[in-house]
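The structure under discussion appears below in the form of structure tokens.
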Amino acid sequence: METKTFVVNLRPIDPEKLEIIKVSGTEETFKFNLLLEAVPDSVWQDFFYDELRKNPMPLDSESILQA
């Protein structure tokens, strides 16, 4: 089975609008959203979620991972 991959770039970041939020209950953990210009393929998504499960990040009330 042949797998096709394609490049998905980050959208340009406006530093004036970038919201960085400290994760409550942590000393040095912050969260922020980086927007992609397209939805990554399923291979990349599987890899990303596998890595996230291996190294979970502390989250506060809302999830940073939105599909």
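The values are calculated or read from the model by the stated rules, or taken from the named source; none is laboratory data. Computed from a predicted structure; not experimentally measured. So basically every Cβ, Gly included, is an ideal-geometry build from the backbone, and we count neighbours across all protein chains shown. The area values use the complete protein model at the heavy-atom level, side chains included, leaving out ligands, DNA and RNA. Shrake-Rupley method; radii C 1.70, N 1.55, O 1.52, S 1.80 Å.
If you check 17, 4 for being of a type outside the set (Asp, Glu) and modelled with pLDDT of 90 or more, only one passes: 17. If the condition is being open to solvent by less than 100 Å² (accessible area, probe 1.4 Å) and in a helix (DSSP H, G or I), then the range 30-59 contributes 42, 43, 45, 46, 48, 49, 50, 51, 52. Taking the range 1-29, which residues are of a type in the set (Val, Ile, Thr), touching a strand residue (DSSP E or B) at 6+ places or on another chain (Cβ under 7 Å) and open to solvent by 90 Å² or more (accessible area, probe 1.4 Å)? Selection gives 20 alone.
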